[in-house]
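Notes follow once the structure below has been shown.
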Amino acid sequence: MKKYRVTLSKEEREELDAISSKGKQKAQNVLYALILLACDEGPHQQERSINETISRVLQVSMKTIDRVKKQFVEQGLEAVMTRKPTSRAFAGKVDGDLEAKLIALSCSPAPEGHTRWTLRLLADKAVEMNYVEEISYETVRRTFKKNELKPWKQQGWVIPPKQSSDFVAHMESVLDVYKQPYDPLYPVVCMDESPKQLIGESRIPIPAKPGRAARYDYEYVRNGTCNIFIATEPLMGKRLVKVTETRKKQDWSRFLADIALKYTHAEKITLVMDNLNTHAPGSLYETYAPEQAKALLDRFDFVYTPKHGSWLNMAEIELRVLSGQCLNRRIDKIAEVKREVSAWQRERNNKEATINWRFTTTDSRIKLKHLYPSI
């Protein structure tokens, strides 16, 4: 058997020393550097080790040591430290037919006893149905990643009815309002409301510190709910928020009075809102005397979003911002909710954050063509 003698120059030893002891290096390169340094028979080696000792200390086979020495002698140091791409070809386990079957399987109803498909369930089912002899859940994951599919995830969505003349009529009315230019005498205001749970801590949270995130106990104390009304004028970047204990007709009516008070200069306020049972002119007459109710009603022009079309209300955008920036945490008292919401409203109004609504009637007739009745 041919013996290969490793002789390193001073520069090569310094390079290998740096690889094995400094910075971030591939594990294989560090191992090969230690092998070459130990096998060096040059004048700069202080203590040479035999192959058996190197094998035992580095926990590598004698064959690996001989292969590294041979490659160094025949091809040089750079060849040892550079991994060449393999020429071996591996046949993929998932072909187009199996990929299509896995996708179809993931879109089918989940088995009994399961709410949704998981990667392991899909892998086991593929074997059970003789699609493939064996397959790992990791292979299934890579298949779905390539196709940007995540069958284990579900998304809540408001699904409108198909071919609904009532839906498209309300939708186009709202979109016509949104394209109107700004007029201070006839402002367009969007109004919405949302409940908020009052959640308290059952145990004192542990604050964050370097290397560890803040910790909150899974257990909590529920202290009831409150309701948040929000009105926003998208073109001016102004909003009005009110926190109430309930969400009755009287609460909505009083919030309308607050909006009217804010726009005393306006001749008519166009109010876009959801079609809830409390959002009706009759609610004003259940709260105020007839004369006051009629006077307040004359200040507004109500425009309702269609049922299952609340996404057309720009106030929902402001509610999501409010929830994400301010209320996405545990708050146990309504007084604190009012204080936090007031601070958020003041800061956001100072920024004059507007909403750039781009969806138009022309867009709806193209993208939502399936909602329009066939004539």
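The values are calculated or read from the model by the stated rules, or taken from the named source; none is laboratory data. The shown structure was predicted, so the numbers you read here are calculated from the model rather than taken from an experiment. No Cβ is skipped: glycine too gets one built from the backbone with ideal geometry, and neighbour counts run over all protein chains shown. Ligands, DNA and RNA are excluded from the accessible area calculation, which covers all protein heavy atoms including side chains. Shrake-Rupley method; radii C 1.70, N 1.55, O 1.52, S 1.80 Å.
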- Total charge dipole magnitude, segment 170-320, about the Cα centre, Cβ charges on Lys, Arg, Asp, Glu only, Debye to nearest 20: 680
- The distance between the Cα centres of segment 318-356 and segment 229-275, in whole Å, is 16
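Taking loop as defined by DSSP and a crowding limit of 15 other beta carbons within 10 Å, which GluC sites (Glu not before Pro) in segment 237-330 fit?
GLU245, GLU267, GLU286
Whats the longest run of the chain with zero chymotrypsin sites (Phe, Trp or Tyr not before Pro) that are DSSP loop and have at most 10 other Cβ atoms within 10 Å? Can you show the working numbers first?
Details: sites that count: PHE90, TRP157, TYR218.
Longest stretch, sites excluded: 219-375.
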- Rounding to the nearest 20 debye, state how big the charge dipole of segment 171-220 is about its Cα centre with +1 on each Lys and Arg Cβ and -1 on each Asp and Glu Cβ. 580
- Taking the dipole about the Cα centre of the chain, with the C-beta of Lys and Arg at +1 and of Asp and Glu at -1, give me whichever of TYR372, VAL272, LEU34 is farthest to the positive side. LEU34
- Query: Could you give the length gained on full extension between LEU261 and ARG83, defined as 0.36 nm per residue of separation minus the Cα-Cα distance, in nm?
  - Reply: 56.6 nm
- ARG339 versus ARG142, label points 7 Å from Cα toward the beta carbon: distance in nm? 5.6
- Message: For segment 222-375, what are Rg and Dmax over the alpha carbons, in angstrom?
- Response: 17.2, 55
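With a cut-off of 8 Å between alpha carbons and a minimum separation of six or more residues, what is the relative contact order of the chain in percent? The partial results should precede the final answer.
Numbers: 467 pairs, mean separation 57.2, N = 375.
Rounded, it is 15 percent for the chain.
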- What is the calculated FRET efficiency for ILE366 to VAL73, with r their C-beta to C-beta distance and R₀ = 41 Å, to the nearest 0.05? 0.05
- Message: Suppose each label sits 7 Å from its Cα in the direction of the beta carbon; what would the GLU41-GLN163 distance come out to in nanometres?
- Response: 8.9
- Task: Any chance you could run the full-extension gain for ASP17 through ARG320? It's 0.36 nm times the residue separation minus the Cα-Cα distance, nm to one decimal.
- Result: 103.4 nm
- In the Gaussian network model of the chain, springs joining C-alpha atoms below 10 Å, which of ILE228, ILE199, ILE65 carries the largest mean-square fluctuation? ILE65
- Excluding residues fewer than 8 places away in the same chain, name every one of the lysines whose C-alpha is closer than 18 Å to that of LYS268. LYS179, LYS238, LYS294
- Order of exposure, largest accessible area first, which applies to THR225, THR264 with probe 1.4 Å: THR264, THR225
- Looking at the chain, send over the antiparallel percent of its DSSP beta bridges, to the nearest 5. 70
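If you put +1 on each Lys and Arg Cβ and -1 on each Asp and Glu Cβ, how big is the dipole of the chain around its Cα centre, in Debye rounded to 20? Display every interim value, and only then the final one.
On the way: 61 positive and 49 negative charges, 207 e Å.
So the dipole magnitude of the chain works out to roughly 1000 debye.
Which value, in nm² and rounded to one decimal, describes the direction-averaged projected area of the C-alpha convex hull of segment 270-320?
So the mean shadow area of the Cα hull is 3.9 nm².
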- Identify, among GLN155, PRO184, SER173, the residue whose Cα sits farthest towards the positive end of the charge dipole of the chain, taking +1 on the Cβ of Lys and Arg and -1 on the Cβ of Asp and Glu, with the dipole about the Cα centre. GLN155
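What fraction of the DSSP beta bridges in segment 220-318 is antiparallel, stated in percent and rounded to the nearest 5?
Working: 7 of 12 bridges.
If I count the DSSP bridges inside segment 220-318, around 60 percent turn out antiparallel.
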- For the chain, set up a Gaussian network in which alpha carbons nearer than 10 Å are linked by springs, and say which option among VAL174, VAL127, VAL68 fluctuates the most. VAL68
- Query: How many nm separate the modelled label positions at GLU245 and GLN154, each set 7 Å beyond the Cα in the direction of the Cβ?
  - Reply: 3.7
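Can you compute the helix-only [θ] at 222 nm over the chain? Use -39500 (n - 2.57) per DSSP H run of at least 4 residues, normalise by all residues, nearest 500 deg cm²/dmol.
On the way: 15 runs with 158 residues, N = 375.
Counting only the DSSP helices, I get -12500 deg cm²/dmol.
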- Please find, in a Gaussian network model of the chain (springs between Cα atoms separated by less than 10 Å), the residue of PRO207, PRO290, PRO181 whose mean-square fluctuation is greatest. PRO207
- Note on the structure: Cα pairs beyond 26 Å in segment 1-154, in percent, come to 52
